[in-house]
Structures are given as structure tokens and as C-alpha cells.
Amino acid sequence: MHKSKNRIVILTAGKVGSLTIKSSLENNPSLRDYHIYHGHDSKKYDSYWHDMSLASYFTKNRNLDNWHFILGIRNPIECYISSWYELHKEKGDFPIDEYQNAGAANWWLEFLDHEYKKNFNIDLYQYDFNISRGYSVYKPSENVSVLVYKLNSLTKVFSKATYDLLGVRHVRMINKNFTSNKSKRISKSYERAKEDYSIEEKYLKNILKHKYMKHFFSKKEL
């Protein structure tokens, strides 16, 4: 007989604090019996899922285990700049003039549909998001729950949000992998790039009118 497992799946686009969440959960004694996975692509084959993809494993075991998904939300333009420093940190400063269309921001904008809706049949846009609180927890089915949080609220809401998702109190947040906390040169360059980056208006309008932006950000934030 299959014994149900408690699975925490941090499945999110990058540069939204997901490694911080993984480290924080792994270091909490109350969660030692939980199986914690972190990734950005549910179709990628992984030994963690017995040489299956996460999407395939979930389809096969959806009703057998307890699934707790975690997804981060952040301004996709900031994500885009931060990810450049993660991938190209040896190349110097962010090439502002070469990237004025912010094309790579589409990965963050489309992530919910490409991953959650397509591969798990979980349409997160059908649920209201608590913008003022900075996170929401949804229950698509009896044994599946999803925590959606905004990065700029994470420090303030982390303990309450993880309690609402997992029922475990006082989970302490352990900061990891912040671009702004890397070397002094990278940190200064990153902050300068965020301040100086200019995007062509037609591309900015396409980002701002996307349903991702309208769903998770207030008019003031937009």
C-alpha cells in the first residue's frame, strides 16, 4: 500500500527568492519528513522523480501524495536584469543599450500558463490574489495547495505564508542567492542597471497590459 508523502515543490521562474525558501524549509526541524524539491522546469527529467519529469510524476501520483507548490512573483524586468548577472557575471556591466526590448521578460510573464496550467491543469489566474497582503494560498484540490507570494513582501510574510501553506509555525527565513549581496562590484553594477535601464515604450506597454501584471500588481505598482 502506498504511504502518502508530503511533498513541497518550489516550482517557479528564477530570481524570485526560491533558493531562500528552499534553504529555509530544509533547515526547519518540523519539516524533516517533507520531501522538498526546487526547480524551474517541470518537463525536465530528473533522478529525484525516479527518472521521470516532475509533470509526469505528478500526473501519475497526484491523488496519492500531498502536494504543496510554491511560486514567486516579481517585476519581470527586475528579474530579467538580475538573471543576466547570474548568467553573465564575468562579462561586466549589464548591456543596457542592447536589451531595450526586454524580450527575456516573457519567461516570467508566461510561466504560470506554460508550467502550472499546461502541465498540472492548475489555472492560477482563476483565483483572486491578495495584492495588499503580498501572498495567497490556493487549494485546487483536496491534496494540492499552492502558495503564491510576491518577492518584495517575502521577508514580512514568510512565516505566516508558510504556516498557511503547511501548518507549521515559526519557519525562519534564511536569505540565499541575492544578486545585491554578491561581490561589491556586481552589487553596485546591478543597482546602477536597475536605476538606469530604459525600455522602449511599445515593449513596456506589452508588459504592463499582460494579465500577469494586472493580476498580481496594483495600479499604483504598475
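The values are calculated or read from the model by the stated rules, or taken from the named source; none is laboratory data. A quick note: this is a predicted structure, and the numbers were derived from the prediction, not measured. A quick note on method: Cβ atoms are made from the backbone with ideal geometry, for glycine too, and the neighbour counts reach across all protein chains shown. SASA here: full protein model, heavy atoms, side chains in, ligands and nucleic acids out. Shrake-Rupley method; radii C 1.70, N 1.55, O 1.52, S 1.80 Å.
One Cα centroid belongs to region 28-86, the other to region 123-150; the line between them spans 16 Å.
Above 21 Å lies some portion of the pair distances; for region 78-170, what is it as a whole percent of all C-alpha pairs?
Distances greater than 21 Å cover 50 percent of the Cα pairs.
Coupling constants for region 27-32 follow from the phi torsions by the Karplus curve (6.51 cos²θ - 1.76 cosθ + 1.60, θ = phi - 60°), and in residue order they are 8, 9, x, 6, 10, 5 Hz; glycine and proline get x. Coupling constants for region 8-21 follow from the phi torsions by the Karplus curve (6.51 cos²θ - 1.76 cosθ + 1.60, θ = phi - 60°), and in residue order they are 10, 10, 8, 10, 7, 5, x, 6, 10, x, 5, 5, 4, 5 Hz; glycine and proline get x. Could you work out what % of the accessible surface of the chain is carbon and sulfur, using a 1.4 angstrom probe and leaving DNA, RNA and ligands out of the count? Carbon and sulfur: 46 percent of the exposed surface of the chain.
Counting every alpha-carbon pair across region 1-43, the share separated by more than 17 Å comes to 37%. In this structure the chain gives 55 Å² per residue of accessible area when probed at 1.4 Å with all protein chains present.
A Gaussian network model of the chain, with springs between Cα atoms under 10 Å, assigns the largest mean-square fluctuation among LEU112, LEU154, LEU64 to LEU64.
When the surface is traced with a 1.4 Å probe over the full set of protein chains, LEU109 keeps roughly 10 Å² accessible. Spin-label pair ASN61-LEU204: with each label point 7 Å from Cα along the Cα-Cβ axis, the two points sit 4.7 nm from one another. Between the listed residues LEU147, ASN27, MET52, the Cα displaced farthest toward the positive end of the dipole of the chain, a dipole computed from Cβ unit charges relative to the Cα centre, is found at ASN27. Label separation (GLU142 vs ARG185): 5.8 nm, computed from points 7 Å beyond Cα along the C-beta direction.
Against the empirical 2.2 N^0.38 Å scaling, what ratio does the C-alpha Rg of the chain come to? Could the numbers behind the result be given before it?
Working: Rg = 18.0 Å, N = 222, 2.2 N^0.38 = 17.1 Å.
Its radius of gyration relative to the 2.2 N^0.38 Å reference: 1.05.
Averaging the sequence gap over all C-alpha pairs within less than 8 Å and six or more residues apart, then dividing by the number of residues, gives the chain a relative contact order of 24 percent. Restricting the calculation to alpha carbons of region 1-73 gives Rg and Dmax of 12.4, 40 angstrom.
Taking region 132-156 and a reference point 7 angstrom along Cα→Cβ of PHE217, the backbone N atoms nearer than 15 Å belong to 132, 150-153.
Going by the alpha-carbon gyration tensor, a ≥ b ≥ c the square roots of its eigenvalues, is region 113-222 rounded (a/c under 1.5) or, if a/c is not under 1.5, prolate (a/b greater than b/c) versus oblate? Oblate.
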